[in-house]
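Below is one structure, written out as structure tokens; comments come after it.
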Amino acid sequence: MTTDLDAQWAVRWVRETARVVAENRALLIDLDRAIGDADHGENLDRGFSAVVAKLDSADVPSTPAAVLKQVAMTLMSTVGGAAGPLYGTAFLRAATSVGDADTIDAEAAAAMIRAARDGIVARGKAEVGDKTMVDAWTPASESAETAAQAGASAPDVLAAAANAAHAGAVATEPLIARKGRASYLGERSAGHQDPGAVSTALILQAAADAAGGAVA
Ligand code: ADP
Ligand code: MG
């Protein structure tokens, strides 16, 4: 049985993301209250709720890329702030990366995460260590590539990415922000995890969980 990722996986990913974002709405708001303006949880919850509403109102797109592109468009038009355009770009680049294929294998999954990460960097110009979501996406992408090269399945590539994103998010806590709203706080931004890095870990964990369901 193949463990490659199809359009149904992409739909499960989106629905699981909406669920965990809603579940962690208060946490993301609190993290953003500490070093930003307390809207990250609200922004993402609104965005992914809109994505799910869109999925519910139309036929399920037939390729993973079509699902990802729909996510990108909806996030760009509903999320706002810094995170809306950044996540919108990430999902758009991910869609372009997987192309019109019906399924995504391990190497394509790693390439998809790399493309999403590179899109965020191109758009926001943050580097590793700036205390942004890039600090979660970059190790996620590297771990995904390492796993794919070692022969892991696509679900295991996603699991590797999720684990690395989580570690990357935790590691933002002592950092001083150099990009985004949190950078206005200077040294006072240290001592809190970056909300966008934490939401990135949630989104990639949802991707892995959605793929785990397919294997079972
Ligand atoms: P805003 O900062 O406009 O209120 P959000 O609160 O929704 O937007 O998102 C904040 C998150 O966006 C931060 O935690 C950080 O991870 C991310 N972010 C902000 N600026 C950048 C950037 N230039 N590059 C990458 N990520 C960024
Ligand atoms: Mg904010």
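Data table
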item	result
Selection count, the range 117-139, where residues are assigned to a helix (DSSP H, G or I) and within 9 Å of ligand 1 (Cβ to nearest atom)	8
Only listed residue being buried (at least 23 other Cβ atoms within 10 Å of the Cβ), farther than 30 Å from ALA150 by Cα and of a type in the set (D, E, K, R), chosen from ASP37, ASP32	ASP32
Residue that is within 17 Å of ARG12 (Cα to Cα) and hydroxyl-bearing (Ser, Thr, Tyr), where the choices are THR89, THR63, THR132, THR78	THR63
Evaluation of MET112 against (1) in a helix (DSSP H, G or I); (2) open to solvent by 30 Å² or more (accessible area, probe 1.4 Å); (3) modelled with pLDDT of 95 or more (one fails), failing number	(2)
The range 66-86 - residue that is more than 13 Å from ligand 2 (Cβ to nearest atom) and open to solvent by less than 10 Å² (accessible area, probe 1.4 Å) and, of those, nearest to SER183 (Cα to Cα)	LEU75
Breaking point among (1) more than 17 Å from the chain's Cα centre (by Cα); (2) closer than 28 Å to THR3 by Cα, for GLN70	(1)
For ALA106: the one exception among (1) farther than 24 Å from ALA171 by Cα; (2) more than 16 Å from ligand 2 (Cβ to nearest atom); (3) under 16 Å from the mean Cα position of the chain (by Cα)	(3)
Subset of the range 46-58 (residues that are within 11 Å of ligand 1 (Cβ to nearest atom) and crowded, with 19+ Cβ neighbours inside 10 Å)	GLY47
Pairs where the first residue, in the range 78-101, is near ligand 1 (Cβ under 10 Å from one of its atoms) and the second is assigned to a loop (DSSP other than H, G, I, E, B) and not β-branched (Val, Ile, Thr), C-beta under 8 Å, 6+ apart	GLY81/ASP39; ALA82/GLY180; ALA83/MET133; LEU86/MET133
Checklist (1) of a type outside the set (Lys, Arg); (2) surrounded by 22 or more Cβ atoms within 10 Å (Cβ to Cβ); (3) touching a residue at least 24 places away in the same chain (Cβ under 8 Å); (4) out of contact with any Ser or Thr (no Cβ under 6 Å at 6 or more places or on another chain) applied to ALA136, failing item	(4)
Residues being in contact (Cβ under 8 Å) with a residue 24 or more places away in the chain and either buried (at least 24 other Cβ atoms within 10 Å of the Cβ) or within 18 Å of the chain's Cα centre (by Cα) (or both) - total across the range 153-207	34
Selection status of PRO61, within 16 Å of ligand 2 (Cβ to nearest atom) and either open to solvent by 10 Å² or more (accessible area, probe 1.4 Å) or out of contact with any helix residue (DSSP H, G or I) (no Cβ under 7 Å at 6 or more places or on another chain) (or both)	no
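The values are calculated or read from the model by the stated rules, or taken from the named source; none is laboratory data. Values in this document were obtained by computation on a predicted structure and should not be read as measured data. Here Cβ is always computed from backbone atoms with ideal geometry, including for glycine, and neighbour counts include all displayed protein chains. Side chains are part of the model used for accessible areas, which takes the heavy atoms of the whole protein and leaves out ligands, DNA and RNA. Shrake-Rupley method; radii C 1.70, N 1.55, O 1.52, S 1.80 Å.
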